[in-house]
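A short worksheet on the structure shown next.
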Amino acid sequence: MEMLDALSQTFDHTTKIVSGVRADQLDDQTPCSEWPLRTLLAHMTGVVVNMGLGASGSELLPSIEGYVMEPSDLGAQFRSEADRTLAAWRAHSDDDVVNVGAGPMPARVALGINLLDTATHSWDVARCTGQDANLPDTVAIAALACANQIVSDEIRGFAGFSPAISTGPDASPTDQLVAFLGRTP
């Protein structure tokens, strides 16, 4: 699957998950132990915003943690930002260089980070809110491929990634992804 198609499918899936969040769940704890749901949604959407800004060559938000989600229609807000970001990515070839906040990098690497972050956090949101946490298999497989290229042992522990957890041979693609990232499937 092409990376841009995988990101588009991830955004579709995440929109569905974010749309399923109720206002009374916003202070619930997520699998990201340091973030309640409200903070995780702001982080996740802020990353999407900054990815789109970086892909379009615009100035980045000074702090994605300061991004504010309006509880009245979380799904529509996420979708709007995702559509803007997809449009920015569609204007790039894999060989272009972008700066999404971590310095200049190939667009394909930054797009992979966008895919991995969004897919992973959609799982976190789904788990927190009692929704089906399984990603579409094609999305989970694409995100795992990105994770294998991005998440090294050197960044585990300080970049939000715990040591990988073993899974059995019959583990779903989603379970393989989250276990690789140190989350318990």
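Since every read-out is calculated from the coordinates, none of them should be taken as a lab result. Source: prediction; values computed, not measured. When we count neighbours, we look across all protein chains shown, and the Cβ atoms used for this are built from the backbone with ideal geometry, even at glycine.
Dividing the summed -39500 (n - 2.57) terms of all DSSP H runs of n ≥ 4 by the residue count of the chain sets its mean residue ellipticity at 222 nm at -17500 deg cm²/dmol.
Mean separation of Cα pairs under 8 Å and 6 or more residues apart, divided by the residue count, gives the stretch 4-102 a relative contact order of 35 percent.
In the set (1) 0.97; (2) 1.29; (3) 0.94, the label that goes with Rg/Rh (Cα atoms, Kirkwood Rh) computed for this structure is (3).
The residues packed around residue 111, meaning those with a beta-carbon under 13 Å from its beta-carbon, carry a net charge of -4 if Lys and Arg are +1 and Asp and Glu are -1. Rounded, prolate or oblate: which fits the stretch 1-72, taking a ≥ b ≥ c as square roots of the Cα gyration tensor eigenvalues, rounded meaning a/c under 1.5, else prolate when a/b beats b/c? Because a/c hits 1.5 or more and a/b fails to exceed b/c, the stretch 1-72 counts as oblate. Computed from the C-beta positions of residue 83 and residue 2, the FRET efficiency with R₀ = 22 Å rounds to 0.75.
Once the C-beta distance of residue 68 and residue 165 is scaled by a Förster radius of 30 Å, the resulting FRET efficiency is 0.35 to the nearest 0.05. Here the stretch 110-185 and the stretch 19-74 have alpha carbon centers that stand 18 Å from each other.
Packing around the peptides 110-121, 83-94, 22-33, taken as the average count of other Cβ atoms within 10 Å per residue, puts them in this order, highest first: 110-121, 83-94, 22-33. Remark: relative contact order (the stretch 31-185) = 19 percent; criterion is Cα-Cα distance under 8 angstrom and separation of 6 or more residues. Assuming charge only on the beta carbon of Lys and Arg (+1) and of Asp and Glu (-1), the dipole of the chain about its Cα centre is about 80 debye to the nearest 20.
Amide hydrogen proximity for residue 28: with H placed 1.01 Å from N in the peptide plane, the residues at 5 or more positions away or on another chain lying under 5 Å are 37, 38. Shape class for the stretch 39-86: oblate, because the ratio a/c of the largest to smallest gyration tensor axis (alpha-carbon atoms, square roots of eigenvalues) is 1.5 or more and b/c is at least a/b. In sequence order, the stretch 96-108 has phi-based couplings of 5, 10, 10, 10, 9, x, 10, x, x, 8, x, 4, 5 Hz under the Karplus curve 6.51 cos²θ - 1.76 cosθ + 1.60, θ = phi - 60°, and Gly or Pro positions carry x.
What length, rounded to one decimal in nm, is gained on full extension from residue 132 through to residue 99, with 0.36 nm per residue of separation minus their alpha-carbon distance?
Working: separation 33, 0.36 × 33 = 11.88 nm, distance 3.37 nm.
Roughly 8.5 nm would be gained on extension.
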